[in-house]
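Let me begin by presenting the structure, written as structure tokens, before commenting on it.
Throughout, read-outs are computed from the coordinates displayed, never taken from laboratory work. Everything quoted here is computed from the prediction, not taken from an experiment. Neighbour counts run over all protein chains shown; Cβ positions are idealised from the backbone, glycine included.
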Amino acid sequence: MPPHDALQLSARLRPLLEARIARVKRPAEGALRHDYLVPGGPYPEQWDWDAFFIGMAIASRDRADAVYLRNWGLNYIENARDDGFCPGLLTPKGPDWRLKHMKPFLAQGCLHASRFLNDSAWLTGDLYARLKRIVLYREEHGLFHVGLGLFAWTDSMESGADNNLAALEYPDGSVAAVDCSCFVYAEYAATALIARNAGQEKDSLMFRAKAEHLREAIIARLWNREDGAYENIDTRTGEFIRVVGYSSVHPLWAGIAPQEQADAFIDRWLLHPDKLRSPHGIRTLSKDHPRYNNANIIKPHSNWQGPVWPIAMVLYAQSLANYGRTDAALDVAADAMRLCLNDIEKSGGMHENYDAETGQPLAAPDFISWNLLLMNLAEEVQERRNPFMIRL
């Protein structure tokens with residue numbers, strides 16, 4: 001059997017991405033006391049999930065580069081307030097306190113960095129105590145719905161999927177969100193393992209229990225049996241927000257969806273050409289939604305209402321691979337790499353998203369960030385080796 005297109009495309013794209021890695025690295029400066037990562041550009045700013053995904057990409061390629069993932073964690077831990085609050089944007093002048101609490105990736109990044117570097121001794125003592133406060137901040141400051149056992153973003157912009165209709169037009173903190181809850185689940189699971197390594201057995205058991213309770217709530221409450229999809233909940237009414245798109249896939253990405261639910265979602269939505277699967281990848285909003293569009297928007301927000309995003313394609317491909325759909329996952333990986341290769345050949349760079357119907361580039365030319373994950377994606381999918389997976 002000849003190699004899958006994804007592996008051939010990977011061999012072409014990898015050196016082009018490797019040549020761009022230097023553009024995302026910055027030397028320590030000011031409040032950023034450790035060398036850090038930026039979305040490729042002229043500004044010295046460390047962003048939460050951009051740098052997390054960049055760090056995972058370059059560490060998966062070369063374990064020595066995991067020092068940047070460790071530094072990303074150290075910069076956040078050292079700049080957080082004593083109560084655990086730390087905004088998602090850090091600059092050499094200090095945190096941008098106008099922004100909301102960083103996205104729930106910190107413990108995951110620290111755990112993965114420790115594993116890549118084969119060194120967990122750095123994350124003990126006061127650093128561990130500060131990490132713990134950051135991880136718990138969201139639960140302790142109004143973004144946990146006790147009755148549902150689920151987590152909320154403050155608003156859709158905080159989620160990173162800027163105009164995601166599953167959260168966009170609702171009061172702050174009122175949406176029990178699939179993606180947020182899954183990210184926090186992974187944070188709790190990661191913190192349980194970090195605590196064990198730090199000799200904090202009581203904390204390890206506590207975070208393990210939190211993770212298990214959250215996993216159960218995600219499966220029981222966010223699965224809409226009628227739609228065959230994971231959907232957000234409007235906590236004011238208790239009703240599902242019947243929007244299927246990017247945020248719906250996260251229980252599969254985290255590996256916590258039961259096989260039956262995963263298969264139903266994959267067949268009914270993820271691979272259906274009239275819903276999420278497009279000729280050029282997987283849409284960020286189902287095509288049958290009345291507000292589906294491929295508008296070229298970056299201000300006041302980026303567009304997650306239809307366009308194909310390489311970062312979303314990575315999550316989709318890994319989700320498919322997690323549940324045994326390796327061929328489909330490789331197809332998705334191939335589509336993502338083909339978009340970026342075509343873009344580089346025509347424009348000299350990549351964009352943050354692409355028209356799902358035509359494959360044409362949309363916003364943010366010469367974008368270098370989480371699309372670096374495509375360096376490793378085809379091989380990871382083929383081998384079912386998901387570097388993000390955390391198992392308790």
Mind listing the Cα extents of the range 31-126 along all three principal axes, in Å, largest one first? 35, 35, 21
With point charges of +1 on the Cβ of Lys and Arg and -1 on the Cβ of Asp and Glu, referenced to the Cα centre of the range 294-366, which listed residue (ALA328, GLY348, GLY306) lies farthest in the positive direction of the dipole? GLY306
Answer in debye to the nearest 20: the dipole magnitude of the range 142-257 about its Cα centre, from +1 Lys/Arg and -1 Asp/Glu charges placed on Cβ, is 500 debye
Just to be sure I follow the rule: in the chain, considering lysines 8 or more places apart or on different chains, how many pairs have Cα atoms under 17 Å apart? 5
How many angstrom separate the Cα center of the range 325-360 from the Cα center of the range 161-240? 30 Å
What's the magnitude of the charge dipole for the chain around its Cα centre, counting Lys and Arg as +1 and Asp and Glu as -1 at the beta-carbon? Answer in Debye, nearest 20. 600 debye
In the range 142-257, with Lys and Arg counted as +1 and Asp and Glu as -1 at Cβ, which of these residues, GLY255, ALA209, ALA161, has the Cα nearest the positive end of the dipole, that is, farthest along it? ALA209
Which value, in debye to the nearest 20, gives the size of the charge dipole of the range 328-392 about its Cα centre, when Lys and Arg are +1 and Asp and Glu are -1 at the Cβ? 300 debye
Can you give me the relative contact order of the chain as a percent, contacts being Cα pairs under 8 Å and 6 or more apart? 17 percent
What full-extension length gain, to one decimal in nm, is calculated for HIS141 and GLU226 as 0.36 nm per residue of separation minus the Cα-Cα distance? 27.3 nm
The exposure ranking of TYR292, TYR76, TYR316, fewest beta-carbon neighbours within 10 Å first, is TYR292, TYR76, TYR316
Label point at ARG384 placed 7 Å out along Cα→Cβ; residues across the range 307-328 whose backbone nitrogen lies under 20 Å: 314-328
